[in-house]
Amino acid sequence: MEEIAPGGRLRQPMIRLATIQFTPRLGERQANLDAIQRLLDPVEADIIVLPELCTSGYFFVTREELAPLAEAPGGVACVFFQRLSEAKRAIIVAGMPEVAEGRFYNSVFVFRPGLPEPLVYRKAHLFYKERFVFEPGDTAFPVIRDERLDLSIGIMLCYDWRFPEVSRVLALGGAELIACPSNLVTDAWRKVMPARAIENKVYVAVANRAGSETKNGERLDFKGGSAVYDPFGEAVVLAASSGDVVLVVEIDPRICSDKSFNEFNDIFADRRPELYGAICRKR
């Protein structure tokens, strides 16, 4: 039996989600776009999530070396992804360096078919040496409502996972899927990402990069292990720690609409925000 969504629309029960593990070349935008094109050519999906800074690589320590690769909407990579979004009729979530009014941001661009301007989220929580290159994000945490798919998608970026407030704000905003482009170099996230899914009863898609980068004698090893976690914290699909791979799964966002887990308890209805004042104060 077909399910009717609010407003009388037929609700699409299953959505195809592609989570991409990819190894960018540092500083080589066109080579990275070419590699992404090859990876995505055979992919049929409603949503495609790519890693953080997938067009540029990660380990920049000066603004000067980043500047040629950063772009605003309408730039080289933006045109590439918008055309791909239109061709595949897919939402594409991609991490890229952004420039705006002479400032650089570690951003996520969300491209949607039929909408010429991407939504942009700027990373709120900067990790390690990112602070030497990027400005702290000044956007809110966005939840994108897509009526075509009857789905709400929340966006967070890598180190944002360390802050439970982020995923909770997204879930309270209606997110059924949280997309998290990443360049993860630690292992703690493997324990915590499933918790972010459970505590909010949402899907979480982690598109992590693989490979390594070296700068000034310092090497960063990226952990791979891209995954999609279901609303119960189980890994629906999981990549190895190395190599480029496309993970395609079907998700059912209807599971996320009911936040109860027994006949008496609901993870949102049981909240006591009047007692949570401390989380809004700095130490």
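The values are calculated or read from the model by the stated rules, or taken from the named source; none is laboratory data. Note that the coordinates shown come from a computational prediction; the quantities given were computed from them, not determined experimentally. Note that each Cβ is placed from the backbone with ideal geometry, even for glycine, and that neighbours are counted across all protein chains shown. The protein model used for the area step is the full one, side chains on, heavy atoms only, and it has no ligands, DNA or RNA in it. Shrake-Rupley method; radii C 1.70, N 1.55, O 1.52, S 1.80 Å.
Determine the order of D244, D150 by accessible area, beginning with the largest, at a probe radius of 1.4 Å.
Values: D244 75, D150 5 Å².
If we order D244, D150 from most to least accessible, we get D244, D150.
Express the accessible area of the chain per residue in Å², computed with a 1.4 Å probe while the remaining protein chains stay in the model. Don't skip to the end; give the middle numbers.
On the way: 12850 Å² over 283 residues.
Per residue, the chain has an accessible area of 45 Å².
Taking 28 Å as the cut-off for C-alpha to C-alpha distance, list the pairs among K129/K223; K88/K191; K191/K282; K191/K259; K129/K259; K123/K215 that go past it.
Values: K129/K223 18 Å; K88/K191 34 Å; K191/K282 26 Å; K191/K259 22 Å; K129/K259 38 Å; K123/K215 22 Å.
Check vs 28 Å cut-off fails for K88/K191; K129/K259.
On a 1.4 Å probe surface of the protein chains, which of L50, L26, L39, L238 comes out largest in accessible area, and what is the full order?
On the way: L50 0, L26 60, L39 40, L238 105 Å².
Largest accessible area first, the residues go L238, L26, L39, L50.
May I ask you to derive the relative contact order of region 162-233, considering only C-alpha pairs under 8 Å and at least 6 residues apart, and to give it as an integer percent? Show your work: numbers first, answer last.
On the way: 123 pairs, mean separation 24.6, N = 72.
The value is 34 percent.
Any chance you could check the Cα centroid distance between region 144-206 and region 80-108 for me, in angstrom?
Taking the Cα centre of region 80-108 as reference, the centre of region 144-206 is 19 Å away.
I'd like to know which of M156, S260, I178 lies farthest towards the positive end of the charge dipole of region 139-274, counting +1 on Cβ of Lys and Arg and -1 on Cβ of Asp and Glu.
The Cα lying farthest towards the positive end belongs to M156.
Sorted by accessible area (1.4 Å probe), largest first, how do R272, R190, R219 line up? Don't skip to the answer; put the middle values down first.
On the way: R272 115, R190 85, R219 150 Å².
Largest accessible area first, the list is R219, R272, R190.
Quick query: amide H of T23 versus all other amide H atoms, modeled in the peptide plane; which residues come in under 5 Å with a sequence gap of 5 or more or a different chain?
Sorted by chain and number, the residues that satisfy this are A210.
Quote the accessible area belonging to R131 in square angstrom, nearest 10, computed with a 1.4 Å probe and with ligands, DNA and RNA left uncounted.
Here the accessible area works out near 140 Å².
Using only the alpha-carbon atoms, how far is helix 189-200 inclined from the longest principal axis of the chain? Give it as 0 to 90 degrees, nearest 10.
Tilt relative to the chain: about 30 degrees.
Please compute the modelled spin-label separation between D138 and V79, points set 7 Å along Cα→Cβ, answer in nm with one decimal.
The modelled label-to-label distance comes out at 2.8 nm.
Got a number for the accessible area of V108? Probe 1.4 Å, square angstrom, nearest 10.
0
Sum -39500 (n - 2.57) across every DSSP H segment of at least 4 residues in the chain, then divide by the residue count to get the 222 nm mean residue ellipticity, nearest 500.
Numbers: 5 runs with 50 residues, N = 283.
-5000 deg cm²/dmol, from helical runs alone.
Using alpha-carbon pairs under 8 Å, 6+ residues apart, how would you state the relative contact order of region 1-131 in percent? Before the final figure, lay out each step's value.
Values: 214 pairs, mean separation 27.0, N = 131.
Reported as a whole number, the value is 21 percent.
How many percent of Cα pairs in region 24-141 exceed 18 Å?
Values: 3259 of 6903 pairs.
Looking at region 24-141, the distances longer than 18 Å represent 47 percent of pairs.
At 1.4 Å probe size, with no ligands or nucleic acids counted, give the accessible surface of L172 in Å², nearest ten.
For L172, the solvent-accessible surface is approximately 80 Å².
Spin-label point model (7 Å from Cα, Cβ direction): what's the R103 to K191 distance in nm?
Computed distance between label sites R103 and K191 equals 3.5 nm.
So between S257 and V61, what do we pick up on full extension, going 0.36 nm a residue minus the alpha carbon distance? Present the calculation step by step, with values, prior to reporting the outcome.
Numbers: separation 196, 0.36 × 196 = 70.56 nm, distance 4.26 nm.
Contour length minus Cα-Cα distance gives 66.3 nm.
Just want the answer: with Cβ charges of +1 for Lys and Arg and -1 for Asp and Glu, which residue in A45, L238, L26 is farthest toward the dipole's positive end in the chain?
Selected residue: L26.
How big is the shadow of the Cα convex hull of the chain, averaged over all directions, in nm²? Write down the numbers at each step before the final one.
Numbers: hull surface 64.9 nm².
Taking a quarter of the hull surface, the average projection is 16.2 nm².
Given N residues in region 153-216, what is Rg(Cα) / (2.2 N^0.38 Å)? Display every interim value, and only then the final one.
Numbers: Rg = 12.4 Å, N = 64, 2.2 N^0.38 = 10.7 Å.
Region 153-216 yields a ratio of 1.16.
Want the number for A278 to E117: 0.36 nm per residue separation, take away the alpha-carbon distance, what's left?
Numbers: separation 161, 0.36 × 161 = 57.96 nm, distance 3.77 nm.
Extra length available between A278 and E117 comes to 54.2 nm.
Excluding residues fewer than 8 places away in the same chain, name every one of the aspartates and glutamates whose C-alpha is closer than 15 Å to that of K201.
Within reach: E165, E176, D230, E234, D252, D258, D266, D270.
Counting only protein heavy atoms and a 1.4 Å probe, tell me what percentage of region 146-283's accessible area is made up of carbon and sulfur. Walk me through the numbers on the way to the answer.
Working: 3390 of 6490 Å².
Accessible surface attributable to carbon and sulfur in region 146-283 totals 52 percent.
Which GluC sites (Glu not before Pro) does region 61-146 hold that lie in a coil by DSSP with at most 12 other beta carbons within 10 Å? Walk me through the numbers before you get to the answer.
Numbers: sites: E64, E65, E71, E86, E98, E101, E130; in loops: E101.
Taking region 61-146 and a limit of 12 other Cβ atoms within 10 Å, the loop GluC sites (Glu not before Pro) found are E101.
Taking the convex hull of the Cα atoms, report for region 189-283 its projected area averaged over all directions, in nm². Each step should come with its number before you reach the end.
Details: hull surface 38.3 nm².
Across all orientations, region 189-283 yields a mean hull projection of 9.6 nm².
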